[in-house]
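Structure, as structure tokens:
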Amino acid sequence: MGIVRSYANRKAIILCVAAILIFVSPLFLLGNDAHIRVHDNLDSNLAWYKVLAESGQMFGGVHAVIPQIINGLPRDALGTEWTLIVWLHAWFSTMTAYAISQLLTRLIAFLGMYLLLRTHIIRNIKAHWIVALVSLAFALTPFWPSGMLSTMGHPLALWAFLSIRSNKANWKHWLAISLLPLYASFVLGFFFFLVLMGVVWLVDLIRYRRLNLRFLGSIIWMTALFLATDYRLVYTMIAGSETMHRVEFVSSRQEFGQTLRLFWKNFLLGHNHVMTLHTFIILPVLAITLLPVLFSRRRTRPMNVYLGLTALNLLLSFWYALWFNKLWKVPKEHIDLLSAFNFARFHFLRPLVIYASFGLACYLLWQLGRRSIRIFVYICLCLQLVVLALSNEEIVYGLYKNAPSVEAFYAAEQFKEIREYIGLPPDTYKVASIGLHPAIAQYNGFYTVDTYNNIIPLDYKHRFREVIADELAKSKDLKRYFDEWGSRLYIFSAELGKHYDFRKDTDRTIKNLDLDTEALRNLGGAYVLSSVRIENAAANDLLYERSFDHPDSAWKVHLYRVRS
């Protein structure tokens, strides 16, 4: 690559790669003692990968099920086998696979943003440190781990597509768009990216009256690869005979005033699954740059690109908020696709837009030439890197949130003791969890009546609801949470609310639990694993067996047997 031939470029790249290695090193050094994200990670995806790897259904047909979860979770609910992250978890232990995935994703994210900025946005070779540091900043963002390159791969894909669009592509660009589908999700990032590319092609067609069949072909090619890779999702949406719980999603209930507040919240703070941490450093830099660009009498191409990115940034946040407005209520009630598929996720394009804008803003300020302004630019770049360094999972979850380590969360030794105490083959009985995530039991080989998944048969959701119907009736929040979303089939208690991780130091108990134990038995439930004491267990036909504690576990688990 000619863009990295100079010594200065190589030095910048080497230092940035070293920074990425240091950033992810706690995952390799600490292993199971590391502290990582719980939400949509430890409580779900990491357990799913392990269950899938041990199920014998990695290549199961489209009608196959995973018997360990509920009464046979559809195999398609655990995603395609044609993605590298599934194989990493099949080849390696959970934390080794997780660490490799983090390193791989961040290195490719850095490479993609570097190539995009240097090739298409900031071509001035003297600004190489801006390109390198912005690319490093993008690579250190706290992306959703199981998203892999679903958003972090956008810069690499855009670099390839823009080169193809301008007829300057070679085999490397085609290789990039051909391999990305093997380590990214179509519905969690690239569907929205490819729609954006389609809009770019359409605008070109209208403005320049040229088809640019090569560019169109590249969009179709990548889309086809994603659909082929994620063939299970395609089958479920088109030919699946069983109705899934997503058709009951209710999300559009906001008035316009609430929509505006959600718009500003998303624009200023971002979203949990695509955290950009842009509020304190990047946003002021973008605002400072916007004023001289708006009032410039001679706008350059970079200035126009910057204005376009700014408008797109605002539009994406507004669309995100608008998706939850009441105006969508009727269409979503009549068109299942609108309720089942989250079209608000166009805002998943924002990490790409925000960091490309940040790079361009720094460059436009740097171009002014004043030494003081250039020093200001480099200070802002360094401060953003400090913000991102402090977002390291070990700092956030180990120090700030005091979350349990991976070993303490999954508590393998403790759950082995429980399994041995029960003394029955795991496939001959099912358990339910209260006060802790069902994923913990699933990770440890238990068969569960409860779960957290994106795809659940609607009939099973309704049958499971019977178990907790009286508890849902006590709480409007829990009732709406379960009935209008319902991806967490948990044994909810109105006394505990929407909390799922009561650790061993808790003094909480459940005084008045109301379960339909007969409905639980009908689902195969034989035992309840609870992280809190159930004071009226007998009234629910639950027989207390014993409590389990372990020094390496975050939980004290109280084992109850469902009276037969």
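Note on region 458-468: residues that are farther than 15 Å from SER487 by Cβ and open to solvent by 30 Å² or more (accessible area, probe 1.4 Å) total 3.
Yes or no: PRO331 crowded, with 20+ Cβ neighbours inside 10 Å and under 30 Å from ALA77 (Cβ atoms)? Considered against the rule, which asks whether it is crowded, with 20+ Cβ neighbours inside 10 Å and under 30 Å from ALA77 (Cβ atoms), PRO331 comes out as no.
Please determine, by comparing only the residues of region 436-472 that are part of a helix (DSSP H, G or I) and of a type in the set (D, E, K, R), which one is nearest to ALA403 (Cα to Cα).
This residue is GLU471.
Annotation: of all residues in region 473-504 being assigned to a helix (DSSP H, G or I) and of a type in the set (Phe, Trp, Tyr), the one that is least open to solvent (accessible area, probe 1.4 Å) is PHE482.
Taking the criterion of being surrounded by fewer than 18 Cβ atoms within 10 Å (Cβ to Cβ), modelled with pLDDT of 95 or more and among the aliphatic types (A, V, I, L, M), the residues of region 207-226 that qualify are LEU213, ILE220, ALA224. Every residue in region 40-75 that is without any contact (Cβ under 8 Å) to a residue 24 or more places away in the chain and hydroxyl-bearing (Ser, Thr, Tyr), please. Once the filter is applied, which keeps residues that are without any contact (Cβ under 8 Å) to a residue 24 or more places away in the chain and hydroxyl-bearing (Ser, Thr, Tyr), region 40-75 yields only SER55. Number of residues in region 512-536 that are free of Cβ contacts under 8 Å to residues at least 40 places away in the same chain and in contact with a strand residue (DSSP E or B) (Cβ under 9 Å, 6 or more places away or on another chain) equals 3.
Would you check which residues across region 260-282 are surrounded by 14 or more Cβ atoms within 10 Å (Cβ to Cβ) and more than 23 Å from the chain's Cα centre (by Cα) and list them? Passing the criteria: LEU260, ILE281. In region 331-367, the qualifying residues are those that are more than 23 Å from the chain's Cα centre (by Cα) and in a loop (DSSP other than H, G, I, E, B), and the one that is nearest to LEU309 (Cα to Cα) is GLN367. Among the residues of region 178-190, which ones are modelled with pLDDT of 95 or more, more than 19 Å from GLN102 (Cβ to Cβ) and surrounded by fewer than 19 Cβ atoms within 10 Å (Cβ to Cβ)? SER178, the sole residue that qualifies. Out of all the residues in region 472-495, which are within 26 Å of ALA554 (Cα to Cα) and at pLDDT 95 or above? LEU478, ARG488, LEU489, TYR490, ILE491, PHE492, SER493, ALA494, GLU495 - these are the residues of region 472-495 that are within 26 Å of ALA554 (Cα to Cα) and at pLDDT 95 or above.
Of the residues making up region 291-346, just one is within 23 Å of SER357 (Cα to Cα), touching a residue at least 60 places away in the same chain (Cβ under 8 Å) and aromatic (Phe, Trp, Tyr), namely PHE346.
The rows are residues; the columns are (1) charged (D, E, K, R); (2) open to solvent by less than 10 Å² (accessible area, probe 1.4 Å); (3) in contact with a Lys or Arg (Cβ under 7 Å, 6 or more places away or on another chain); (4) part of a helix (DSSP H, G or I).
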{"residue": "ILE375", "(1), (2), (3), (4)": "no, no, no, yes"}
{"residue": "GLN384", "(1), (2), (3), (4)": "no, yes, no, yes"}
{"residue": "ILE395", "(1), (2), (3), (4)": "no, no, no, yes"}
{"residue": "GLY398", "(1), (2), (3), (4)": "no, no, no, yes"}
{"residue": "PHE409", "(1), (2), (3), (4)": "no, yes, no, yes"}
{"residue": "SER433", "(1), (2), (3), (4)": "no, yes, no, no"}
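With the requirement that a residue be open to solvent by less than 10 Å² (accessible area, probe 1.4 Å) and not in a helix (DSSP H, G or I), what does region 20-36 give you? Once the filter is applied, which keeps residues that are open to solvent by less than 10 Å² (accessible area, probe 1.4 Å) and not in a helix (DSSP H, G or I), region 20-36 yields ALA34, ILE36.
The one condition from (1) in contact with a helix residue (DSSP H, G or I) (Cβ under 6 Å, 6 or more places away or on another chain); (2) buried (at least 19 other Cβ atoms within 10 Å of the Cβ) that GLN254 does not meet is (1).
Look through ARG480, ARG488, ARG463 and report the one residue that is under 13 Å from ASN71 (Cα atoms) and among the basic types (Lys, Arg). First the steps, then the outcome.
Details: ARG480 fails: under 13 Å from ASN71 (Cα atoms); ARG488 fails: under 13 Å from ASN71 (Cα atoms).
Of ARG480, ARG488, ARG463, the one residue that is under 13 Å from ASN71 (Cα atoms) and among the basic types (Lys, Arg) is ARG463.
Restricting attention to region 255-306, and to residues there that are β-branched (Val, Ile, Thr) and assigned to a helix (DSSP H, G or I), which single residue is farthest from LEU140 (Cα to Cα)?
Within region 255-306, the subset β-branched (Val, Ile, Thr) is 259, 274, 276, 279, 281-282, 285, 288-289, 293, 300, 305.
Keeping just the survivors that are assigned to a helix (DSSP H, G or I) gives 259, 282, 285, 288-289, 293, 305.
Details: THR259: 30, ILE282: 14, VAL285: 19, ILE288: 24, THR289: 23, VAL293: 28, VAL305: 24 Å.
Looking at residues that are β-branched (Val, Ile, Thr) and assigned to a helix (DSSP H, G or I), I get THR259.
For region 528-545, the criterion of being under 26 Å from ASN45 (Cβ atoms) and open to solvent by 10 Å² or more (accessible area, probe 1.4 Å) is satisfied by no residue at all.
GLU255: among the charged types (D, E, K, R) and more than 27 Å from the chain's Cα centre (by Cα), yes or no?
Details: among the charged types (D, E, K, R): yes; more than 27 Å from the chain's Cα centre (by Cα): yes.
It is true that GLU255 is among the charged types (D, E, K, R) and more than 27 Å from the chain's Cα centre (by Cα).
The values are calculated or read from the model by the stated rules, or taken from the named source; none is laboratory data. Just so it is clear, the structure is predicted and the values come from calculations on it, not from any experiment. For neighbour counting, all protein chains shown are included, and Cβ atoms are generated from backbone atoms with ideal geometry for every residue, glycine included. Please note that ligands, DNA and RNA were not included when accessible areas were found on the heavy atoms of the full protein model with its side chains. Shrake-Rupley method; radii C 1.70, N 1.55, O 1.52, S 1.80 Å.
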